[in-house]
Amino acid sequence: MILSSFSAGINALRKRPGLAVLLYVLDLALAFVLSLGVLLLINEEVAQSGFAPDFAAQFDFTVWMDFSEQVGDAFFPIVGQLLWVIPLWLMWKAVAHVGLVHALRGDAIRPFWDGVGRFGLRAMLLALMYVVMLVMAVVGLGLVIWILNQLWGGEVGIFWVNFVLAPILVVSVFAVLDLMHDYSRIALVVDEQAVRDAFGTGIRWAFQHGQASWLYLLWFVVAAVLWLLPFGFDFAATEATALGMWVLFLVQQAAMLGRSAATVGWIGSETAFYETIRLREMPLYADVDEEEAAPWSYEPPPSPDADDPGLAMA
């Protein structure tokens, strides 16, 4: 089931590669628009700091750290930009995912934008419900980590709690919420459930079908590799020339395109898995015992002419 669903996602990507390109272009355009305000603030601070000629000639990590100590005044304006950038980005992700589910469900070819238009508003309402769950999870995790720090003191305890257990707990809880959110969006589109019903379906799905977690973990590994891929080039870029920065930029864009393709395959796999399970759980009304069906069987009444010998011979 896991490998067949994974293969279904790969096949969905192979049949609809334009979805990956579309998602990449839209993500890139939205990221540029949303980051423009932050970029202008940083450029203004760089121009006033006196480091602008150094950055124009060559990126230097030491110079960047020295510059970072002087941009305290720009910190709060940048945070203010993030207060509207992050919610807008999350709303886009919500509507983009239901658009992908609509485009990839079943065997028919469906437009991405049709799914965005039909299910986008309900997807945003669903996302708000999961934001509430996320806030509750963060508060709960903070409380658990604080209790563990109180119970397990010393340098060894601080290391294991804050650098081993805490990251594992955070990633695990966030992954479970993301898994639930994925199947809530799929139920919202495939079964056209109401927002509240889709929310409940997503929460139950992670516990009723354990294979969904393994499928999620398989795609999580693929996405993590694509996400970590450019970091080796990032470290090499600390002493990079202008040409090296362009090479780094192209590598990063290739990785972004790869992540968009992985998103299409991921959603395609989960949608195929959901549809397969739903088909298996559907009651088969055709399998009814013949004797039980006999009292309700219909037999046409005999023709009034059948017993008339004269009419029969005619």
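So what are the ³J(HN,Hα) numbers for the stretch 164-172, from phi and the Karplus equation (6.51, -1.76, 1.60; θ = phi - 60°), rounded to whole Hz, Gly and Pro as x?
10, 5, 4, x, 5, 5, 5, 5, 5
Apply the Karplus parameterisation 6.51 cos²θ - 1.76 cosθ + 1.60, with θ equal to phi minus 60°, to every residue of the stretch 7-24 and state each ³J(HN,Hα) to the nearest whole Hz, in sequence, with x for glycine and proline.
Karplus-based 3J(HN,Hα) across the stretch 7-24 equals 5, 5, x, 4, 5, 4, 5, 5, 7, 10, x, x, 5, 5, 5, 4, 5, 5 Hz.
Going 7 Å from the Cα of R110 in the Cα-to-Cβ direction, what parts of the stretch 158-184 have a backbone nitrogen less than 19 Å from that spot?
Only 181-184 fall inside the zone, counting backbone N under 19 Å.
Report the chymotrypsin sites (Phe, Trp or Tyr not before Pro) located in the stretch 122-168 that are in a DSSP loop and have at most 15 other Cβ atoms inside 10 Å of their Cβ, or state none.
Here the chymotrypsin sites (Phe, Trp or Tyr not before Pro) that fit, given the DSSP loop and packing criteria, are W152.
In nm, what is the difference between 0.36 nm times the number of residues separating D178 and F32 and their Cα-Cα distance?
Working: separation 146, 0.36 × 146 = 52.56 nm, distance 2.52 nm.
50.0 nm is the gain from fully extending D178 to F32.
Quick one: 3J(HN,Hα) in Hz for the stretch 118-131, Karplus 6.51/-1.76/1.60 with θ = phi - 60°, rounded, Gly and Pro as x.
Each residue's phi maps through the Karplus curve to give 7, 10, x, 5, 5, 5, 5, 5, 5, 4, 5, 5, 6, 5 Hz.
For R110, what residues show an amide H to amide H distance below 5 Å, using hydrogens built from the backbone and excluding near sequence neighbours?
Under 5 Å from the amide H of R110: no residue qualifies.
What FRET efficiency comes out for I168 versus V132 if R0 is 22 angstrom and r is the Cβ-Cβ distance? Round to the nearest 0.05.
Working: r = 24 Å, r/R0 = 1.08.
After rounding, the FRET efficiency stands at 0.40.
Provide the FRET efficiency to the nearest 0.05 for the V25-W152 pair, computing r from the beta carbons and using R0 = 41 Å.
Efficiency for this residue pair is about 0.25.
We did not get these values from a lab; they are worked out from the coordinates using the rules stated. Fair warning: this is a prediction, and the values are worked out from it, not measured in the lab. Glycine gets a Cβ as well: all are built from the backbone with ideal geometry, and neighbour counts include every protein chain shown.
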